[in-house]
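Notes to accompany the following structure.
All of the numbers you see were taken from the coordinates with simple rules; none came from a lab. In this text, all values refer to a predicted model and were calculated from it rather than measured experimentally. FYI the Cβ positions are ideal-geometry reconstructions off the backbone, even for glycines, and counts take in every protein chain you see.
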Amino acid sequence: MGFDPFSFPKPWVIAHRGDSGTYPENTLLSFRKAVEIKADWIELDITYSSDNQIVVIHDDSLDRTTDKKGEIRLLPYNLIRNSDAGSWKDPKFKGEPVPNLWEVWEFLKDKEIGLNVEIKSTAYEEIPIEAAIEQELVDYAKKNSLFSRTLFSSFCWDSLVRLRELSVEPKLGILIGDETSSWEDALELGFRLNAFSLNLSMANLNSEIVSKIQGEGFKVLVYTLNTEEELKKGIDMGVDGIFTNFPTRMRSLLT
């Protein structure tokens, strides 16, 4: 591959759902703009459609970010794909499609940028009817030599456990939020899974916790900081990476 996004200088500029403060989130346009402004990483969200296609979208439904309505897990991908995922942000973005993960990976394959794939809890199936989403991710990443440039994360810790059971290769980020256990429990899981990072909200973080987690050998990635004040606070705290909807703003603070 010729480059290693895991060795980029800290703190990483992680474009949250792409350059999503300016462009429609989780679209190829948003990802392309994140590449253009030289973000270190792109973060995106994935779940399954009703026909088990891996859809790049944050919400559980189409309602907020497209011109259609309905639960993602109950709709076929061809319907999801053909919805307008741009106009909600601005009419000038009309016609932006909802991508699948494979086309995003294909777009990024020759770009020097890391990819953080967040597996939504809706994608986890305790007893998969067909190949689990985690199996698909491992198989594709292995076939296309993507483990060295991809971080897999989830609030659904069972999904991370399954990834690790399938392969020692994926780098894992344990997402911590209001509906998960504490960062201390995440730290325990981190040791068990040989995780790469703990990904926390700024609301649950201070310099002492950052130092504690880093001292145990894990990276600390914080979400989602957007104002200049928030970004400066995150940078001063010494975190390893910051998820932001305004990667250009963060980059300007680092240069």
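So what are the ³J(HN,Hα) numbers for region 200-208, from phi and the Karplus equation (6.51, -1.76, 1.60; θ = phi - 60°), rounded to whole Hz, Gly and Pro as x?
Listing the rounded values in order: 10, 6, 4, 4, 9, 10, 8, 4, 5 Hz.
Would you kindly derive the ³J(HN,Hα) couplings of region 92-102 from the backbone phi angles with the Karplus curve 6.51 cos²θ - 1.76 cosθ + 1.60 (θ = phi - 60°), listing them in order in whole Hz, with x for Gly and Pro?
Going residue by residue, I get 5, 9, 4, x, 5, x, 8, x, 9, 5, 5 Hz, with x marking Gly and Pro.
Can you grab the distance from the C-alpha centre of region 23-58 to the C-alpha centre of region 132-181, Å, no decimals?
For region 23-58 versus region 132-181, the Cα centre distance is 17 Å.
Ordered by residue, what ³J(HN,Hα) values in Hz, to whole numbers, does region 71-88 give under the Karplus form 6.51 cos²θ - 1.76 cosθ + 1.60, where θ = phi - 60° and Gly and Pro are x?
With coefficients 6.51, -1.76 and 1.60, one gets 6, 4, 5, 9, 10, x, 5, 4, 6, 4, 4, 8, 7, 8, 9, x, 5, 4 Hz.
When we measure straight from the Cα of LYS89, which lysines land under 19 angstrom away, once same-chain ones fewer than 8 places off are left out?
Straight-distance partners of LYS89: LYS33, LYS68, LYS69.
With a cap of 11 neighbouring Cβ atoms within 10 Å, and only residues DSSP puts in a loop, list the GluC sites (Glu not before Pro) found in region 123-190. Let's see the in-between values first.
On the way: sites: GLU125, GLU126, GLU130, GLU134, GLU136, GLU165, GLU179, GLU184, GLU188; in loops: GLU125, GLU126, GLU130, GLU179.
Loop-located and lightly packed - GLU126, GLU130, GLU179.
Write down the percent of antiparallel bridges among all DSSP beta bridges whose residues are both part of the chain, to the nearest 5.
On the way: 5 of 36 bridges.
Roughly 15 percent of the beta bridges in the chain run antiparallel, per DSSP.
Name the residues whose placed amide hydrogens come within less than 5 Å of the amide hydrogen of ASN116, ignoring near sequence neighbours (fewer than 5 apart) on the same chain.
ILE42, GLU43, LEU44, LEU151
According to a simple spin-label model (label point 7 Å from Cα along Cα-to-Cβ), what is the distance in nm between SER148 and ASP90?
3.8
Among PHE107, ASN194, VAL56, which residue has its Cα positioned farthest towards the positive end of the charge dipole of the chain, with +1 placed on the Cβ of Lys and Arg, -1 on the Cβ of Asp and Glu, and the dipole taken about the Cα centre?
Of the candidates, PHE107 comes out farthest on the positive side.
About its Cα centre, how strong a charge dipole does region 103-187 have in debye, to the nearest 20, once Lys and Arg get +1 and Asp and Glu get -1 at the Cβ? Can you show the working numbers first?
On the way: 9 positive and 18 negative charges, 90 e Å.
Dipole of region 103-187, to the nearest 20 debye: 440 debye.
Which cross-chain or sequence-distant (5 or more) residues have an amide H under 5 Å from the amide H of GLY70, H modelled 1.01 Å from N in plane?
Residues meeting the criterion, in which the H sits 1.01 Å from N, are LEU62, ASP63.
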